[in-house]
Amino acid sequence: MFYRYAYRLAVEHRLSWNPQGEPTYGLTAMGYLAAVLPIFLLFPSQPALTVCLASLVSGIVFLMLLVVAVERHCKSSSGLGRGEMLLLAFTIAASVSSLAHHFTSGMDTTFSMAFAMSYILLAAEFERRASRSRALLLGFWGGLAFTARPDLMLFSCLIPASLVWFAADSLRRRLAVLVLATTVGVVALQAALFSRFLHSPLPLPFYAKSMRLYDDFIYQVYATTPRIQLMEFGRLHIHLIAIITGCLLLNFRSWWSRSSAVDKGLLAAGILFVSYYYFFVLQILGGWERFYYPVLPALAYLACRCLQQVAADWLPPFDDRWPWRKALAFGMLAGMISLSPLLVVEIGELRAVVRSGEFARFDLQRFARLDRWQRTWVGLDQFSTLPDDLVIATTEVGLPGAMNLRKTIIDMAGLQDTSFAHTSFSADRLFSRDRPDLIYMPHTHYKRITREVEDHQVFKEDYEFFPPQRFNANFGVAVRKDSPYYSPMHSILSGIPPLPPDPSSSTGPSSQAPVRGPGPEELKVVLGSRQPGGSSGLSR
């Protein structure tokens with residue numbers, strides 16, 4: 001999606017999903033375009049490389065900011081500083097699989113982490129040396145969280161509120177109020193601009209995933225996803241959670257009196273952030289704990305801050321003569337090595353890809369021909385060669401959108417369609433206004449959308465339907481009989497043989513989750529590795 005928006009912005013100088021289409025607020029993390037667009041300009045014909053580099057650079061920036069924040073605001077001695085750096089290294093090692101995915105997925109997760117970390121650093125700097133200029137900077141940057149990713153506003157509102165509440169004197173309180181007022185003003189301005197020019201004050205995915213846009217069935221399917229993903233996120237970062245919890249339980253009064261206002265605001269915002277996603281968000285494509293990872297900067301920073309207090313209250317001084325320092329360093333290094341056997345395997349895979357000459361190359365046509373994706377988008381590689389006035393409708397818009405930059409793609413799920421997002425899907429509008437030439441039938445989880453499409457009189461009379469059983473696929477395909485491209489589309493579908501059985505599914509197409517992007521193993525295939533997953537910038 002980000003690649004398609006970057007293309008539209010660079011070529012047409014407009015923020016829209018479809019060519020010459022209405023402006024669209026279809027990206028939750030609109031600010032991530034600032035990272036994607038420059039890389040797109042360098043590699044305009046390589047969608048996967050563009051978005052993967054954007055997430056990789058964002059991840060590196062996050063790590064750099066985290067180290068700077070810990071070095072400046074969590075270290076009370078050289079020995080403790082080394083211990084905190086080892087804690088961060090252990091954190092990376094413990095969650096290396098998930099972090100490696102997010103660093104290369106092409107999605108905005110690492111960008112959100114980098115932005116959150118930058119805000120925490122600015123807030124800590126303001127609390128240390130408050131001034132009017134720092135207040136305006138912090139307020140402005142906090143307001144931009146709305147564009148970076150609106151849910152990050154929990155941090156950029158609660159931290160200034162905490163600074164106001166726990167201000168040591170009237171001057172600091174006035175400056176903290178200025179921070180909060182600036183943040184609110186910047187947010188209001190952005191919401192007004194988005195409403196005026198993009199016809200929606202909030203991202204369209206917000207309406208779809210937080211406002212119960214769909215029928216009850218899909219919510220039942222994903223009812224356990226928030227719990228499963230949160231448990232996995234907690235398992236990967238149990239050491240950070242244990243340090244924070246232990247600090248609070250061992251001596252809450254001491255923590256409350258000695259912790260900074262930023263610390264208190266971070267704790268409250270982190271709890272509310274996780275609670276919001278756990279209770280209120282439909283976590284489609286929630287794999288690799290991606291909805292919870294934006295809270296990692298707060299978790300890591302707070303753990304280091306708590307470690308500072310625990311060390312002061314319960315441990316001998318951390319200095320160069322402390323006899324256990326080297327043992328601690330050795331133990332954590334050994335833990336990192338034991339938790340990262342994947343690194344050895346991946347280095348070998350990387351060498352194989354580089355030797356093959358396929359490093360950083362991505363062939364969308366070859367990718368679309370993989371059986372897994374043919375089961376979702378039958379014949380997409382061939383349909384993409386048809387003229388650009390072909391109109392395609394689907395609920396799974398990622399790969400079709402990247403392969404057909406100059407074609408109109410109707411998102412029946414509403415994530416890239418303002419009307420569907422604000423008022424729910426309408427088959428009447430789809431067939432009267434959009435009149436798609438080609439319909440990839442909705443995912444089986446969207447039961448109401450599927451029912452409306454199949455029951456509509458226009459669909460019954462004007463479309464030829466190819467059922468999924470015809471191709472051994474997950475979803476059926478329909479082509480409009482009076483389309484100028486009916487003949488080539490019919491020929492394409494008639495010439496596609498049934499796909500081999502899906503080895504990854506034993507319960508049939510209806511059990512399939514909404515389409516995810518390529519995981520690490522599949523990326524090796526299209527990048528030229530010998531071996532034949534996670535969501536990417538090509539996925540919805």
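Nothing in this text is a laboratory measurement; each read-out follows from the coordinates by a stated rule. Not measured: the values here are computed from a predicted model. All Cβ positions, even for glycine, are placed from backbone atoms using ideal geometry, and neighbour counts span all protein chains on display.
If R0 is 41 Å, the Cβ-Cβ spacing of Ala242 and Asp216 corresponds to a FRET efficiency of close to 0.60. If R0 is taken as 35 Å, the Cβ-Cβ distance between Gln20 and Ser491 corresponds to a FRET efficiency of 0.75.
Label-to-label distance, Ala181 versus Glu461, with points set 7 angstrom from Cα along the beta-carbon direction: 6.3 nm. Here's the picture: a label point sits 7 Å out from the Cα of His199 along the beta-carbon direction, and within the range 1-30 the residues with their amide nitrogen under 14 Å of it are 15-26.
Sorted from greatest to least, the principal axis extents spanned by the alpha carbons of the range 2-340 come out as 68, 52, 44 Å. Amide H contacts of Phe466: Val477, Ala478, Val479, each under 5 Å away and 5 or more positions distant or on a separate chain (H built 1.01 Å from N in the peptide plane; Pro and chain starts excluded). The Ser133 and Leu41 beta-carbon pair, evaluated with R₀ = 35 Å, returns a calculated FRET efficiency of approximately 0.60. Normalised by residue number, the volume inside the convex hull of the Cα atoms of the range 365-501 is 104 Å³ per residue. Label separation (Asp428 vs Asp502): 3.4 nm, computed from points 7 Å beyond Cα along the C-beta direction. If I take all pairs of Cα atoms in the range 76-196, what percentage of them are more than 17 Å from each other? Tail of P(r) above 17 Å: 63 percent of Cα pairs. Its Cα gyration tensor gives the range 168-272 an equivalent ellipsoid, and the semi-axes of that ellipsoid, as √(5λ) in whole Å with the largest first, are 33, 29, 9.
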